[in-house]
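What follows is a short report on a single structure.
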């Protein structure tokens, strides 16, 4: 599916040393989602690209794209996996990654790209039960957030993890409602999901 990378680095011609330094500083400071990083859907000559979700997904499957200039291979991957480039992954009308749905791909670009790396049919046709099951393993935090220990089962270890985090705890994975406190609501969510993911 992906083309192999060649070891040669691309050398850019510079008119002056000052221009070279300015270009290198500009490229080095660009990060995923920065407008200066360039278009995700085309080779842009800088590491990263301008759409945060697409850039994160592509760099997760092909780190070259964030370590070296975003080349045509990176752009091809973005066109295949990123909704911003018209792909099924992350498309606004795409369904949930965690459930079967009639659309190709799913709404979360990174999860969709991970699933489609192993099962390309999930991005070419209907996102079926098999795709949703792959998403459960490829994207457990998205599909089964109550599984705090990542074993595919909401059970005693998850309950212990939640109870250990009880009280004010902003950003903790057991804070299912995101209010900054692990409380009775979070406990109810965990108990309501008890069993296999």
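The table below gives the values:
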{"quantity": "Lone unmet requirement of (1) more than 14 Å from the chain's Cα centre (by Cα); (2) in contact (Cβ under 8 Å) with a residue 12 or more places away in the chain; (3) outside the structural domain of residue 59 (by TED's automatic domain parsing) for residue 76", "calculated": "(3)"}
{"quantity": "Selected residue [farther than 21 Å from residue 52 by Cβ and under 19 Å from the mean Cα position of the chain (by Cα)] from 146, 126, 107, 133", "calculated": "133"}
{"quantity": "Extreme residue, farthest from residue 109 (Cα to Cα), among residues of region 47-58 that are buried (at least 20 other Cβ atoms within 10 Å of the Cβ) and in contact with a helix residue (DSSP H, G or I) (Cβ under 6 Å, 6 or more places away or on another chain)", "calculated": "47"}
{"quantity": "Residue list for region 142-191, restricted to those being without any contact (Cβ under 8 Å) to a residue 12 or more places away in the chain and closer than 30 Å to residue 109 by Cβ", "calculated": "150, 151, 170, 171, 172, 175, 178, 179, 185"}
{"quantity": "Lone unmet requirement of (1) within 16 Å of residue 139 (Cβ to Cβ); (2) without any contact (Cβ under 8 Å) to a residue 40 or more places away in the chain for residue 97", "calculated": "(2)"}
{"quantity": "Residues that are in a loop (DSSP other than H, G, I, E, B), under 27 Å from the mean Cα position of the chain (by Cα) and surrounded by 13 or more Cβ atoms within 10 Å (Cβ to Cβ), drawn from region 156-179", "calculated": "165, 169, 172, 173, 174, 175, 176"}
{"quantity": "Qualifying residue in region 144-155 (condition: modelled with pLDDT under 90, under 27 Å from residue 192 (Cβ atoms) and part of a strand (DSSP E or B))", "calculated": "yes"}
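For (1) outside the structural domain of residue 35 (by TED's automatic domain parsing); (2) under 29 Å from residue 173 (Cβ atoms); (3) modelled with pLDDT under 90, each residue gets a yes or a no:
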residue: 62; (1), (2), (3): no, yes, no
residue: 92; (1), (2), (3): yes, yes, yes
residue: 106; (1), (2), (3): yes, yes, no
residue: 118; (1), (2), (3): yes, yes, yes
residue: 122; (1), (2), (3): yes, yes, no
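The values are calculated or read from the model by the stated rules, or taken from the named source; none is laboratory data. What you see is a predicted model, and the numbers here were worked out from it, not measured in a lab. So basically every Cβ, Gly included, is an ideal-geometry build from the backbone, and we count neighbours across all protein chains shown.
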